[in-house]
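Below: the structure, in structure tokens.
The values are calculated or read from the model by the stated rules, or taken from the named source; none is laboratory data. As the structure is a computational prediction, the values presented were derived from the model and not from experiment. Positions of Cβ are generated from backbone atoms using ideal geometry, with glycine treated the same way; all protein chains shown enter the neighbour counts. Surface areas here come from the heavy atoms of the whole protein model, side chains and all, with no ligands, DNA or RNA. Shrake-Rupley method; radii C 1.70, N 1.55, O 1.52, S 1.80 Å.
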Amino acid sequence: MSYTVPEPKIFACTQSKALGEAIAKSYGADLGKVITSRYSDGEFQPSYEESIRGARIFVIGSTHPGAENLMEMLLMLDAAKRASARHITAVMPYFGWARQDRKDKPRVPIASKLVAKMLEAAGATRIITMDLHADQIQGFFEKPVDHLYGSTLFLPYVESLKLENLTIASPDMGGSKRAYAYSKGLGSDVVICYKQRSKANQISHMELIGEVENKNVVLVDDMVDTAGTLTRAADLMIERGALSVRAITTHGLLSGNAIEKIENSKLEQLIITDSIPVRANSEKLKVLSCADLFADVMHRVHHNTSIASKFIL
């Protein structure tokens with residue numbers, strides 16, 4: 001007697017509805033129906049409007065701050081657990097609160113560890129995410145984590161630009177490993193920016209380690225928030241003789257006046273993914289969709305096949 005594995009059900013949190021629809025379309029399924037009721041004081045309650053008993057479900061939602069996005073994911077997971085879903089996979093293209101991955105001074109939280117524990121307590125049996133701010137965050141989970149890489153999307157795009165004298169650059173020392181991985185894949189040189197901060201989101205000094213004269217530079221990072229680091233690095237590299245500077249960053253938070261900084265900088269292009277809804281508008285902004293990548297990985301996870309081919313770097 002043969003047994004057919006039932007197809008999973010795919011749902012999306014409010015903040016990732018557009019990406020959820022794109023992922024479901026690429027997967028070849030319809031996005032499940034969820035209704036969110038809201039109280040006048042701001043409290044809200046998501047409700048699955050179809051049976052998920054015994055099913056594998058994927059809940060898609062990036063947890064970029066504010067805290068409501070994370071809270072919605074937790075409530076969706078808890079509701080699925082209480083509705084007797086068999087497997088509950090949290091698909092988090094952007095894993096928020098990841099910059100707090102260690103105690104860098106006394107009396108501060110390790111927020112990413114706390115978030116990992118809350119996701120598991122809420123009912124997640126698996127996590128799928130992309131370009132964590134720090135690889136060790138995977139170790140905060142007791143459940144399986146599929147950690148995807150934006151390089152799957154970015155490498156083909158950079159290769160399509162056919163840039164001569166290409167140099168890969170990291171905007172800070174912490175991203176040197178990522179820069180070296182990209183340089184290996186593209187067969188290019190590497191430059192590292194050394195920066196000192198006076199406080200969060202404010203750079204007091206920046207210097208280059210390496211040569212950029214007569215080079216086409218591509219900066220690589222996992223996220224762009226205020227764009228202060230990227231734009232300052234781009235301006236410095238042009239001053240040092242670089243022919244052009246582009247940046248590829250997986251998660252485009254683009255908070256505050258980030259777009260204004262980008263427009264006024266020497267940065268030629270900023271390439272990001274749609275892991276976070278892109279509300280900014282700029283001719284310098286190029287958005288690559290991660291929908292096909294997540295849909296493919298979700299299909300492989302559901303059918304218990306390898307996802308090793310998705311790890312380019």
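Structure notes:
- For the chain: rounded, prolate or oblate by the Cα gyration tensor [a/c cutoff 1.5]: prolate
- A simple spin-label model places pseudo-atoms 7 Å from Cα toward Cβ; at residue 71 and residue 305 they are separated by 4.1 nm.
- Contour minus Cα-Cα distance for residue 189 and residue 21 (0.36 nm per residue): 56.6 nm
- Cα long-axis angle, helix 228-239 against the chain (0 to 90 degrees, to the nearest 10): 30
- All lysines inside 21 Å of residue 261 as judged from Cα atoms, apart from same-chain residues fewer than 8 positions distant: 195, 199, 284, 286
- Fraction of accessible area attributable to carbon and sulfur, the chain (%, probe 1.4 Å): 48
- Antiparallel content of DSSP bridges confined to the stretch 5-136, in %, to 5: 25
- Partner aspartates and glutamates for residue 33 [C-alpha distance under 12 Å; skip if fewer than 8 residues away on the same chain]: 21, 49, 50
- In a simple Cβ point-charge model (Lys, Arg +1; Asp, Glu -1; nothing else charged), the chain has a dipole of about 720 debye relative to its Cα centre.
- Global geometry of the stretch 20-120, whether rounded, prolate or oblate, following the gyration tensor of its Cα atoms and the 1.5 cut on a/c: prolate
- With an a/c value of 1.5 or above and a/b not larger than b/c for the gyration tensor axes a ≥ b ≥ c computed over the alpha-carbon atoms, the stretch 103-149 is described as oblate.
- Comparing 262, 271, 209 in a Gaussian network model of the chain (Cα springs below 10 Å), the most mobile by mean-square fluctuation is 209.
- Accessible area per residue in Å² at 1.4 Å probe, computed on the stretch 179-305: 45
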